[in-house]
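The structure under discussion is supplied below as structure tokens; questions concerning it will follow.
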Amino acid sequence: MITALVDITEDFPILKRQIHGHRLIYLDSAATSQKPQSVIDVLNHYYETTNANVLRSVHTLAEESTLALENAREKIAQFIHATSPREVIFTRGTTESLNTIARAWGDKFFGPGDEIVLSPMEHHSNLIPWQQLAKRTGGHLKFIELQSDGTITLDEVKRQITDRTRIVTLSAVSNVLGTINPVAEVARLAHQAGAIMVVDGAQSVPHQPTDVQAWGIDFLAFSGHKMLGPTGIGVLWGKEALLEAADPVVFGGEMIAYVDREDATWAELPAKFEGGTPHIAGAIGLGAAVDYLTAIGMPRVEEHSRILAEEAYARLANLNGVTVYGPPIPRTGVAAFNITGIHPHDVSQVLDSQGIAIRAGHHCAQPLMHWLDVGSTARASFYLYNSDRDIDALVDGIEVTKRYFNR
Amino acid sequence: MNLDEIYRETILDHNQSPRNYGHLDHPTKSAGLLNPTCGDQIQLELLIHDGKIADVRFSGQGCSISMASASMMTEAIKGKSIDEALLIAADFKKFVTGDSSDKPLGDLEALQGVSQFPSRVKCATLAHNALEKAMLLDE
């Protein structure tokens, strides 16, 4: 039996909700995770006791607020093994982080004829910024061919890397296939070719220990809201030297050193990339989420997410008329599937009537849908508050759905 | 929640046996439309003769609501004038968003339950939006 890692009813108040008279079975954490009481409390506490703008005023609230923000930055730096909190830039989320890399580093160092190597399983947010960079500069995208089970091999990566490759980018975990990609090995290949390695960690940072130094990567993007934190806060991590070399992309308050009528100079890291008032409460909330995950232990979270995703694959693949996408093992976080003859929207609607929340659609990965030769899929995704009881409910729900539409 | 409110027998029937599904040999108007939230798409082909819709076909992929709605719409507009067809589409969109209680033509009334599910209104109106788009395009 796979128990939830945390007492769901105690720590996650939303999971007490009833949906259409059923216990809420939340299987959509890959879209956004639920929030523990400790994160909700930190947000309230901040607004009730501390709220003030950061890095500006000299008064008690401003000092406390600044300290809390920087404290959160430090926790996150430790969580991902950054060399320094200066490398941790707060953004709105993974999408903004990836766009910032493409603009800040890409516009400066990527040129005509240069190549970006990436995979067809990327989320639109790790595809479109690079498409646009290539269009702006006259560069090219090169795609790593996937194996039939939705994995990538280093041989296929090597096949796409040339001496014109400047950027290699890859999701550490696929938001549809659940594939765990070999980012450290791919980073080595990228560096051998003189390219930088960018990692989309949106689906990996919530589910496994993250060590940017052990991976040997150059940039990492992830979102707070998929790892128990608030929406609207995310992280761009970059190697200090690369962030120093790159140009800011958002200009305004707090990102400057000196301004006159005609020109300006930039602030030190990380402020250089944080123009405007940041999402202070969000960053502090993300710090609380990191505390929560650290207390449980990321190795335990990793094991739990893998067991649930692999168990879900095995049980769904065993059902008549159900196709599950991606590798059986190893996988983590998600199980995307289709029921023959029943559209994912209809599957999702029937499951919702039983209190089961899943996602249906293209999961912001249309090129991957083309590769799978489907218009869309259903997707169940798991986190530390899920247990095999939820997979039981999903399996039962799928059988109910089949009976409902095949009557 | 009563699922049968949204999935009435008529809808399941149209989904399983869609009417006017396929292509016309020589359509005079056609339009494709994509539902970007789910990737569903519909292609509508019309044969207009003497200001009337002499024939119509639809094709594409989508959920039961969008496929059934398209099937029902083709039945409702066949033989109607362009203005009548556009009025049917406009009235249906009001009906399915709960803005009007005027019953639409024929089987389309079965989609009334959709008004309780805002996320599915886009599915139910995809074909009707495609019809409006086709009529706006030059021949």
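Within the range A:118-140, which residues are under 19 Å from A:Thr179 (Cβ atoms) and among the hydrophobic types (A, V, I, L, M, F, W, C)?
Correct list: A:Leu118, A:Met121, A:Leu127.
Does the range A:394-401 contain at least one residue that is more than 12 Å from chain B (Cβ to nearest Cβ) and among the hydroxyl-bearing types (Ser, Thr, Tyr)?
No.
Any idea which of A:Gln354, A:Gln366 is open to solvent by 30 Å² or more (accessible area, probe 1.4 Å), within 14 Å of another protein chain (Cβ to nearest Cβ) and under 24 Å from the mean Cα position of the chain (by Cα)?
Answer to the selection: A:Gln366.
The rows are residues; the columns are (1) over 27 Å from B:Asn15 (Cα atoms); (2) touching a His at 6+ places or on another chain (Cβ under 7 Å); (3) not in a strand (DSSP E or B).
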| site | (1), (2), (3) |
| --- | --- |
| A:Glu268 | yes, no, yes |
| A:Gly276 | yes, no, yes |
| A:Thr294 | yes, no, yes |
| A:Val301 | yes, yes, yes |
| A:Gln354 | no, yes, yes |
| A:Ala360 | no, yes, no |
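Tell me the residue from A:Arg92, A:Arg86, A:Arg73 that is touching a Gly at 6+ places or on another chain (Cβ under 6 Å) and of a type in the set (D, E, K, R), please.
On inspection, the qualifying residue turns out to be A:Arg92.
Can you find, within the range A:91-115, the residue that is surrounded by the fewest Cβ atoms within 10 Å (Cβ to Cβ) among those that are assigned to a helix (DSSP H, G or I) and of a type in the set (Phe, Trp, Tyr)?
Selected residue: A:Phe109.
Ok, one more. If the Cβ limit is 9 Å and pairs must be 6+ apart or interchain, which residue in the range A:164-182 that is at positive phi pairs with which residue that is in a loop (DSSP other than H, G, I, E, B) and of a type in the set (Val, Ile, Thr)?
Matching pairs, first to second residue: A:Gly178/A:Thr332.
Then there is this: Looking at (1) in contact with a helix residue (DSSP H, G or I) (Cβ under 7 Å, 6 or more places away or on another chain); (2) open to solvent by 20 Å² or more (accessible area, probe 1.4 Å); (3) more than 10 Å from chain B (Cβ to nearest Cβ), which is the only condition A:Arg359 fails?
(1)
Then there's this: Go through the range A:248-275 and give me each residue that's in contact with a Phe, Trp or Tyr (Cβ under 8 Å, 6 or more places away or on another chain) and open to solvent by 40 Å² or more (accessible area, probe 1.4 Å).
A:Val249, A:Val250, A:Ile256, A:Ala257, A:Thr265 - these are the residues of the range A:248-275 that are in contact with a Phe, Trp or Tyr (Cβ under 8 Å, 6 or more places away or on another chain) and open to solvent by 40 Å² or more (accessible area, probe 1.4 Å).
State all residues of the range B:26-75 that are over 14 Å from the mean Cα position of the chain (by Cα) and aliphatic (A, V, I, L, M); if no residue qualifies, say none.
Correct list: B:Leu47, B:Ile48, B:Ile53, B:Ala54.
Sort out which residues of the range A:373-393 are in contact (Cβ under 8 Å) with a residue 60 or more places away in the chain and within 14 Å of chain B (Cβ to nearest Cβ), and write them in order of number.
A:Thr377, A:Arg379
The values are calculated or read from the model by the stated rules, or taken from the named source; none is laboratory data. Since this is a predicted model, take the numbers as computed values, not measurements. All Cβ positions, even for glycine, are placed from backbone atoms using ideal geometry, and neighbour counts span all protein chains on display. Side chains are part of the model used for accessible areas, which takes the heavy atoms of the whole protein and leaves out ligands, DNA and RNA. Shrake-Rupley method; radii C 1.70, N 1.55, O 1.52, S 1.80 Å.
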